[in-house]
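Engineer: Here it is, the structure, as structure tokens.
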Amino acid sequence: MDFMTAIDVGASALKAERTHLNVISMNLANAKTTRTADGGPYRRKEVVFKETDVQSPFSKAMNSALDQDVKGVRVESVQNDRRPLKQVYEPGHPDADEEGYVSYPDINVVEEMTNMLSAMRAYEANVSTITTSKSMFSKALEIGR
């Protein structure tokens, strides 16, 4: 694996974790949303990651067998969570049903904050790998001087 491949792998992870962080922010912002444009309460979203190639077909043909197994990550999809909605008794709420219950998204703020910290740590780790790769590349150039 060359330096640029390591940076490409890290960059793919940065892009995926940025999307993950955006989805977490969306969930936190809509924790109490009872009405959306589609009708009904907001549904919590989840990010699904999938491995992906970081090299072009030409690059793969030119690399060794060991380098061909290097994979990055990408967001495959953002899906609605299947958890049931929370029913809260609020008879005066404009979105209450005929029995006085309001459907809220089942978003646990503590869980979302934990997911956010995890996404931030993954982002930081990938920034560190890119920085280390750049540093190694720079040191290799200094050897030639």
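Engineer: For the chain, find the longest principal axis of its Cα atoms and tell me its angle to the long axis of helix 3-29, 0 to 90°, nearest 10.
Structural biologist: For helix 3-29, the angle is close to 10 degrees.
Engineer: While we're looking at this one, here's another question. Work through the residues other than Asn30 whose Cβ is under 11 Å from its Cβ and net out their charges, Lys, Arg +1 and Asp, Glu -1. Before the final figure, lay out each step's value.
Structural biologist: Working: positive: Lys32, Arg35, Arg43, Arg44, Lys45; negative: Glu112.
Summing Lys/Arg as +1 and Asp/Glu as -1 gives +4.
Engineer: On to the next question. For segment 67-145, build the charge dipole from Cβ charges (+1 Lys, Arg; -1 Asp, Glu) around the Cα centre, then report which of Pro94, Val110, Gly144 sits farthest towards its positive end.
Structural biologist: Value: Gly144.
Engineer: A further question follows. Give me the angle, in degrees from 0 to 90, between the Cα long axis of helix 109-143 and the longest principal axis of the Cα atoms of the chain, rounded to the nearest 10.
Structural biologist: So the helix axis and the longest Cα principal axis differ by about 10 degrees.
Engineer: Nearest 20 debye, what's the magnitude of the dipole of the chain about its Cα centre given +1 on Lys and Arg Cβ and -1 on Asp and Glu Cβ?
Structural biologist: Working: 18 positive and 21 negative charges, 110 e Å.
Its charge dipole is roughly 520 debye.
Engineer: Below 8 Å between Cα atoms, with a sequence gap of 6+, how large is the relative contact order for the chain in percent? Walk me through the numbers on the way to the answer.
Structural biologist: Numbers: 194 pairs, mean separation 48.5, N = 145.
Value for the chain: 33 percent.
Engineer: While we're looking at this one, here's another question. For P(r) over Cα pairs in 5 Å bins from 0, in percent, several values are listed as [x] 2, 9, 14, 14, 13, 11, 9, 7, 6, 5, 4, 3, 2, 1, 0, 0; [y] 2, 10, 16, 21, 19, 15, 9, 5, 3, 1, 0, 0; [z] 2, 10, 18, 19, 16, 12, 10, 7, 4, 2, 1, 0, 0; flag the one computed from this structure.
Structural biologist: [x]
Engineer: Helix-only estimate, please: 222 nm mean residue ellipticity of the chain, summing -39500 (n - 2.57) across DSSP H runs of length 4 or more and dividing by its residues, to the nearest 500.
Structural biologist: Working: 3 runs with 68 residues, N = 145.
After summing the helix terms and dividing by residue count, I get -16500 deg cm²/dmol.
We did not get these values from a lab; they are worked out from the coordinates using the rules stated. Treat the numbers as computed from the prediction; the structure is a model and nothing was measured. Cβ: placed from backbone, ideal geometry, glycine included. Neighbour counts: every protein chain shown.
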